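Novice: One structure, pasted below without further comment.
The values are calculated or read from the model by the stated rules, or taken from the named source; none is laboratory data. Please read all numbers here as calculations on a predicted model, not as lab measurements. Reconstructed Cβ throughout: ideal geometry from the backbone, glycine too, with neighbour counts over all protein chains shown. What goes into the accessible areas is simple: the full protein's heavy atoms, side chains included, and nothing from ligands, DNA or RNA. Shrake-Rupley method; radii C 1.70, N 1.55, O 1.52, S 1.80 Å.
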Amino acid sequence: MDFTPLNPDYARRVRDSFARQAAMRLIGAVIIEVEPGHVTIELPVRDDLTQQHKFVHGGIVGMIADSAGGYAAFTLMPADASVLTVEYKINMLAPATGKRLVARGSVLKPGRTLSVVRADVYGLGGAQDKLVATMQQTLMVMHGMSDERVG
């Protein structure tokens, strides 16, 4: 779907917000694409992100899906608003393996108060590229709240 952002400076705003996320720095995730209604995040796979079977831990998969979806919605929000996840449902479809994981968030329906987003996570660079998880997410538009709010 094609969407028109309410803030023409959406891409810089998304990248600046993402740079403030200590959790994304901790796991080594980076934004590789920002378009109206769409954000892609990449995560190099490392041993310290895996569980006992050497698959990337489901919590890590959820983290990048949540951020990709949240920032996809954020691209369409007004300049005086911030974003907050209200809920999500994730299905793990295959073990998260490969050289990197890529989470692609796409807005299904933007709203003045709530937005609905889908995020798919792919394992790439292994024996076979594959869809490892899919998420549906609801996000709240926090009007009048700076994304830089502290405390």
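Novice: Run H143 past the list (1) open to solvent by 10 Å² or more (accessible area, probe 1.4 Å); (2) closer than 19 Å to R46 by Cα and report the number of the one that doesn't hold.
Specialist: (2)
Novice: Give segment 1-55 a look and list any residue that's among the charged types (D, E, K, R), closer than 23 Å to L114 by Cβ and touching a Gly at 6+ places or on another chain (Cβ under 9 Å), or say none.
Specialist: Residue satisfying the conditions is D2 alone.
Novice: Here is a follow-up. Can you pull out the residues in segment 107-140 that are outside any loop (DSSP other than H, G, I, E, B) and either basic (K, R) or open to solvent by 40 Å² or more (accessible area, probe 1.4 Å) (or both)? Give the steps one after another, and end with the answer.
Specialist: The initial filter retains those residues of segment 107-140 that are outside any loop (DSSP other than H, G, I, E, B), namely 107-109, 114-124, 130-140.
Scanning segment 107-140 gives L108, K109, L114, V116, R118, Y122, K130, L131, Q136, M140.
Novice: Could we say that L26 is among the aliphatic types (A, V, I, L, M), farther than 22 Å from Q136 by Cα, open to solvent by 60 Å² or more (accessible area, probe 1.4 Å) and touching a Pro at 6+ places or on another chain (Cβ under 8 Å) here?
Specialist: Values: among the aliphatic types (A, V, I, L, M): yes; farther than 22 Å from Q136 by Cα: yes; open to solvent by 60 Å² or more (accessible area, probe 1.4 Å): yes; touching a Pro at 6+ places or on another chain (Cβ under 8 Å): no.
So L26 does not fit the description; no.
Novice: Tell me, yes or no, whether segment 93-102 has at least one residue that is farther than 17 Å from V132 by Cβ, touching a Gly at 6+ places or on another chain (Cβ under 7 Å), modelled with pLDDT of 95 or more and open to solvent by 20 Å² or more (accessible area, probe 1.4 Å).
Specialist: So in segment 93-102, the residues farther than 17 Å from V132 by Cβ come out as none.
No, that holds for no residue.
Novice: Kindly evaluate D80 against the criterion of being open to solvent by 30 Å² or more (accessible area, probe 1.4 Å) and farther than 20 Å from F3 by Cα.
Specialist: On the way: open to solvent by 30 Å² or more (accessible area, probe 1.4 Å): yes; farther than 20 Å from F3 by Cα: no.
The answer is no for D80.
Novice: Please go through segment 30-65 and give me each residue that is part of a loop (DSSP other than H, G, I, E, B) and open to solvent by less than 40 Å² (accessible area, probe 1.4 Å), ordered by number. Quick ask: steps written out before the conclusion?
Specialist: So in segment 30-65, the residues part of a loop (DSSP other than H, G, I, E, B) come out as 36-37, 45-46, 51-55, 57.
Hits for segment 30-65 are P36, G37.
Novice: Enumerate the pairs (first residue in segment 6-20 and in a helix (DSSP H, G or I); second residue anywhere and surrounded by fewer than 18 Cβ atoms within 10 Å (Cβ to Cβ) and β-branched (V, I, T)) with beta-carbon separation below 9 Å, excluding pairs fewer than 6 apart on the same chain, so at least 6 apart or on different chains.
Specialist: Qualifying pairs under 9 Å: F18/V30.
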